[in-house]
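Novice: What follows is a structure written as structure tokens; I'll ask about it next.
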Amino acid sequence: MYRFHHRIALLFALIAGAACFGLGSVQAKPPEAMLVFACRADNDLYATMAAQGVDALRVATPAEAVRRAPEGAGVLVLADGYPSRTTNIPNHVFREAAKKKLRLFVEYPKRLPGLTAETPRRVNLERVVAASDAFGKTLPKGRILAIHDCHFVPTQANQADLVVARVAGLDHAVFGLDDVEVHPILFVHPRGDVLVSTTKLSQFVTARYAPKDGIQAVWQHILKWLQPDANPPVLDWTPTVRPTHAAADKLPADAAHRAIIRGIDWHTRAKMLIDPSWIAKYQEYSENDTIDENKSTGSAPNPEWPVGDGSCGVLEGVVSRIRFDGTQPVSWSLRSDSNGESALAFALRSKLDGDPRSSQIAGNLLDWLYFDSGLYRNEPSKANHGLIWWTPTNGSLYGDNDIKIILSCLGTSAILKTDRWDEPLLRNIVANFRTTGRLGFRHRALRDSELLARGWEHYLNEPYEYLGPHYEAWIWASYLWLYDKTKYEPLLTKTRFAIRRTMEGYPDKWTWTNGIQQERGRMLLPLAWLIRVEDRPEYRAWLQRMAEDIRRCQVPCGAIREEMGSMSRGRFRPPRSNQEYGKHEAPLIQNNGDPIADLLYTCNFTFLGLHEAHAATGEPLYREMADRLADFLIRVQIRSEKHPELDGGWFRAFDYQRWDYWGSNADSGWGAWAIEVGWTQGWIPTVLALRELDLNLWDLSKESTIARHWNQVRRAMLPNEIPIGENAPQE
């Protein structure tokens, strides 16, 4: 028998005539407890209650727990073997418990009296939902819980308090449960004295169940059911993965510096940089379907493996699937954009604190990308010359992919004081420009095979228009930057034409991707750089309008609330049925007004846009917004001693009211708990570092010598006449 150390008086009701549990009492024999646990000492529930000083017995087996429990006590038989082994409770234990008028809470049972317990299942897209009002106002009927990597025992129940089902919604199952397969998770057995959990609810700390207030309500209910006449304690615990700072904490003076270093060091702690000694593991995962039925997804690199130096590339990041042990799988994809973006973050780290290894990694990543990976198309006679494949196995040609590499390269070149990437960088910009139509818009993605078949001239002359800044806007910034270096007029004229069409169509004609907020954020950078090359009041008004509409959704803590536009204009809308949940890319919110910030699509890119807007104009509006956003991003950086592979990262979703990582996990690829190496983990430290160093990308790259290659590249890759506008001759 094991006992908790007494620190507070036990809150549960006492058996009349039995020894009391008062503080300071001197007992001739151990008092009889009203709660008895059958579990290991490291069980999350047991350990949490022990830390709060609640007195109880802990024994090794269900039979011993029932035997030692006094009449009328509550007995908790917890799932020590979860998920590989169900909890074996012999039938005679149930009978003995009934004789002693005990109340049993049993987890993940192998058998139940009078009910069929089937072979356990593992959830895929299903989530747990409150199916009754048993939990009070904190957890009303229809509320969603994330019982991560839930393995459950299918059985029957006439009425369950918690169920597992595939449902859409942020906090609530907005389409109900009538049209989905439902399985009970928590219910009272028909005999009335057994509360059954078909999964392991007591894994809540280790498996990072969420949200915390909902999990607390579940345990309040269970403990109250076990001892109806008692006032159960409110369980509290420190999450193993949590924000670095609370919303109201006073930030240290060096908070931004620390965030940058931790953000960059995350890459090495998480072993995102491939080392040649384990590149075979990358090949295994990239070539085969693995866990979670997602290609290129597998277990995180072994923490004992050596970390690479950038010469073999950087993995995509952490997948939004939390396992029962609290770990998360990794996407083993080598994306060109993520590799390019990471280079600039490492370069800035080296400039910030002189770290030579970061400088080496930055250079190696760009060398790998342009010269060694095979992603950069480098056959001058072919139409795809100068463009970059998305991944080694995916030949999609995204302008929005290439621009992230371009921006990183021009900044990294300046920091490392090298021109060795100038020519491929220039060809990359020109290759995108010559596949941009005469109205200044480029297809979201070109297929390599189609481009080779049609030729780049087809796209140059095409009257294509797409009012969606997520895909279009940032590549315009590269044309404006190159115009500043070469004064090649079509770069400015075509870009200006497209920007005007886009602003004239705002907001009703805009097509939004995961939300309209990210579209606004993406417009800031090209508008800021348009002002750099041609400062007009009209352009400043456009920039201010974008920022003001974003500021309307910037809450006091600095977070930018996600927002969707007209549903008729959305590409990746929230699920419109339970069946749609998890089927495609999706926002983190279900409805406008949901208190969620998106650090993968909105806050990260808006951060750079605001920074460059202030540098271009000097207007305090942009600086104030960026300051508040920086404060928020520093606070919500992940802190975890238990999971060093996550420490220093930034998840995609943050609920700024709960001050926790939470959002709809409907997105099929990059859900609420994803960490994207380039988009998030690259740009957030990059902008924080630019601010610390009092730099901006435009001025940092001002002295680029790229123009010395201009005449040669222009003659080889561009025609003498560039069609621009509606009246340009068609192909």
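The values are calculated or read from the model by the stated rules, or taken from the named source; none is laboratory data. Predicted model only: the values in this text are computed from it and were never measured. Because the Cβ atoms are built from the backbone with ideal geometry, glycine has one as well, and the counts that use them run over all protein chains shown.
Novice: Which pairs have Cβ atoms under 8 Å, sit 6 or more apart or on different chains, and link a residue in region 532-548 that is farther than 23 Å from D627 by Cβ to one that is hydroxyl-bearing (S, T, Y) and surrounded by 15 or more Cβ atoms within 10 Å (Cβ to Cβ)?
Specialist: So the pair list comes out as V533/Y483.
Novice: Let me ask something else. Which residue, of L139, L170, L112, is under 26 Å from A65 (Cβ atoms) and either surrounded by 15 or more Cβ atoms within 10 Å (Cβ to Cβ) or touching a strand residue (DSSP E or B) at 6+ places or on another chain (Cβ under 9 Å) (or both)?
Specialist: Only one candidate qualifies: L112.
Novice: Go through (1) under 30 Å from H172 (Cβ atoms); (2) not in a loop (DSSP other than H, G, I, E, B) for Q712 and report which single condition fails.
Specialist: Evaluating Q712 over (1) under 30 Å from H172 (Cβ atoms); (2) not in a loop (DSSP other than H, G, I, E, B) leaves (1) as the failure.
Novice: List pairs: first residue in region 358-387 and of a type outside the set (G, A, S), second residue at pLDDT below 95 and part of a loop (DSSP other than H, G, I, E, B) anywhere in the structure, Cβ distance under 7 angstrom, at least six positions apart or on different chains.
Specialist: Qualifying pairs under 7 Å: L375/P392.
Novice: Could I ask something else about it? Scanning region 477-509 for residues that are among the acidic types (D, E) and in contact (Cβ under 8 Å) with a residue 40 or more places away in the chain, which turns out farthest from Q712 (Cα to Cα)?
Specialist: Result: D508.
Novice: May I pose another question? When residues of region 696-709 are filtered for being surrounded by fewer than 19 Cβ atoms within 10 Å (Cβ to Cβ) and in a loop (DSSP other than H, G, I, E, B), how many remain?
Specialist: So the count comes out to 3.
Novice: Do you know which of the residues in region 546-562 that are closer than 15 Å to Y506 by Cα and of a type in the set (D, E, K, R) is surrounded by the fewest Cβ atoms within 10 Å (Cβ to Cβ)?
Specialist: Out of the qualifying residues, it is E548.
Novice: In region 392-419, which residues are under 24 Å from the mean Cα position of the chain (by Cα), of a type in the set (S, T, N, Q) and closer than 24 Å to Q360 by Cβ?
Specialist: S408, the sole residue that qualifies.
Novice: While we're on this one: Considering each of Y622, Y661, Y656 in turn, give the residue that is in contact with a Pro (Cβ under 6 Å, 6 or more places away or on another chain), in contact (Cβ under 8 Å) with a residue 40 or more places away in the chain and among the aromatic types (F, W, Y). Full working, then the answer.
Specialist: Details: Y622 fails: in contact with a Pro (Cβ under 6 Å, 6 or more places away or on another chain); Y661 fails: in contact with a Pro (Cβ under 6 Å, 6 or more places away or on another chain).
Only one candidate qualifies: Y656.
Novice: Does L315 meet the test of being touching a residue at least 24 places away in the same chain (Cβ under 8 Å), buried (at least 24 other Cβ atoms within 10 Å of the Cβ), out of contact with any helix residue (DSSP H, G or I) (no Cβ under 6 Å at 6 or more places or on another chain) and not assigned by TED's automatic domain parsing to the domain that holds Y209?
Specialist: Working: touching a residue at least 24 places away in the same chain (Cβ under 8 Å): yes; buried (at least 24 other Cβ atoms within 10 Å of the Cβ): yes; out of contact with any helix residue (DSSP H, G or I) (no Cβ under 6 Å at 6 or more places or on another chain): yes; not assigned by TED's automatic domain parsing to the domain that holds Y209: yes.
Yes: the conditions hold for L315.
Novice: So, one more: Please indicate, with yes or no, whether at least one residue in region 382-399 is under 22 Å from Q283 (Cβ atoms), part of a loop (DSSP other than H, G, I, E, B) and in contact with a Ser or Thr (Cβ under 6 Å, 6 or more places away or on another chain).
Specialist: Yes, region 382-399 contains at least one residue that is under 22 Å from Q283 (Cβ atoms), part of a loop (DSSP other than H, G, I, E, B) and in contact with a Ser or Thr (Cβ under 6 Å, 6 or more places away or on another chain).
Novice: Which residue, of L690, L718, is in contact with a helix residue (DSSP H, G or I) (Cβ under 9 Å, 6 or more places away or on another chain), closer than 22 Å to L460 by Cβ and crowded, with 16+ Cβ neighbours inside 10 Å?
Specialist: Of L690, L718, the one residue that is in contact with a helix residue (DSSP H, G or I) (Cβ under 9 Å, 6 or more places away or on another chain), closer than 22 Å to L460 by Cβ and crowded, with 16+ Cβ neighbours inside 10 Å is L718.
Novice: Kindly indicate whether any position in region 533-548 is among the polar types (S, T, N, Q) and farther than 13 Å from P469 by Cα.
Specialist: Start the filter on region 533-548 by keeping residues that are among the polar types (S, T, N, Q), which leaves 544.
From what is left, the residues that are farther than 13 Å from P469 by Cα are 544.
Within region 533-548, one or more residues are among the polar types (S, T, N, Q) and farther than 13 Å from P469 by Cα.
Novice: Given R438, R444, which one is buried (at least 21 other Cβ atoms within 10 Å of the Cβ), basic (K, R) and touching an Asp or Glu at 6+ places or on another chain (Cβ under 8 Å)?
Specialist: R438
Novice: Right, something else. Which pairs do you get when a residue that is in a helix (DSSP H, G or I), found in region 560-572, comes within reach of a residue that is among the polar types (S, T, N, Q) and at pLDDT 95 or above, reach meaning Cβ atoms under 6 angstrom, with the pair 6+ apart or on two chains?
Specialist: Listed pairs, sorted by first residue: R569/T511.
Novice: I'd like to verify a number: residues in region 224-259 that are small (G, A, S), surrounded by 11 or more Cβ atoms within 10 Å (Cβ to Cβ) and outside any helix (DSSP H, G or I), how many? Walk me through it before giving the result.
Specialist: Kept after step one, since they are small (G, A, S), are these residues of region 224-259: 230, 246-248, 253, 255-256, 259.
Adding the requirement that they be surrounded by 11 or more Cβ atoms within 10 Å (Cβ to Cβ) leaves 230, 247, 255-256, 259.
Among the residues that remain, those that are also outside any helix (DSSP H, G or I) are: 230, 247.
The number of residues fulfilling the criteria is 2.
Novice: Might you let me know whether region 133-143 holds any residue that is assigned by TED's automatic domain parsing to the domain that holds A97, at pLDDT below 95 and on the phi > 0 side of the Ramachandran plot?
Specialist: Yes.
Novice: Here's something else I'd like to know. For region 621-679, give me each residue that is among the basic types (K, R), touching a Ser or Thr at 6+ places or on another chain (Cβ under 8 Å) and not in a loop (DSSP other than H, G, I, E, B).
Specialist: Selection gives R635, R639.
Novice: From the list W219, W266, pick out the single residue that is crowded, with 19+ Cβ neighbours inside 10 Å and farther than 30 Å from G310 by Cβ.
Specialist: Of W219, W266, the one residue that is crowded, with 19+ Cβ neighbours inside 10 Å and farther than 30 Å from G310 by Cβ is W219.
Novice: Only one of these is touching a Ser or Thr at 6+ places or on another chain (Cβ under 7 Å), assigned by TED's automatic domain parsing to the domain that holds R501 and of a type in the set (G, A, S): G440, G455. Name it.
Specialist: Details: G455 fails: touching a Ser or Thr at 6+ places or on another chain (Cβ under 7 Å).
None of the others qualify; the one that does is G440.
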